[in-house]
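The values are calculated or read from the model by the stated rules, or taken from the named source; none is laboratory data. The structure presented is a predicted model; accordingly, all values stated were derived computationally and were not measured. Remember, those area values only see protein heavy atoms, side chains included, never the ligands or the DNA or RNA. Shrake-Rupley method; radii C 1.70, N 1.55, O 1.52, S 1.80 Å.
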Amino acid sequence: QVQLVESGGGLVQPGGSLTLSCRASRSLFSINALNWDRQAPGKQRELVAGISKGGIPIYVDDAKGRFTISRDTAKNTVALQMNSLKPEDTAVYYCNALMLRSYWGQGTQVTVSS
């Protein structure tokens, strides 16, 4: 099992930046991958970015060039730096640990609005 705690969400203007953080209760090396997913109102949850046990990042097309995923293995944390935010990025962002099954955090709200 793993517990995940997200933080860093908030209200930001279009074009602004936010950094989300996900802290895991166990070593990142024991987790196959840690993803950031998001769910907007009325929409399905979708992958935004992820980082593998080996440290390899992946991004969906919409996130490429704007978002950066990184990790601190000493602190068991994964961060998502989000730049050039758009209103369409408004969603609840979830940390998802991929192990034999998936584990989810409680989510953190990101609102992009003027």
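Descriptive notes on the structure:
- Sulfur and carbon atoms: percent of accessible area, the chain [1.4 Å]: 50 percent
- Alpha-carbon centroids, the stretch 81-108 and the stretch 1-45: separation in whole Å: 4 Å
- Each 5 Å bin, from zero up to the one with the longest distance, holds this percent of the alpha carbon pairs of the stretch 20-84: 4, 18, 28, 24, 16, 8, 2, 0.
- Taking all pairs of distinct alpha-carbon atoms in the chain, Kirkwood radius in angstrom: 13.9 Å
- Over the chain, accessible surface divided per residue gives 52 Å², non-protein components excluded, 1.4 Å probe.
- In straight-distance terms, cross-link reach from residue 75 covers every one of the aspartates and glutamates whose alpha-carbon lies under 18 Å from its own, apart from those fewer than eight places away in the same chain; here that gives 6.
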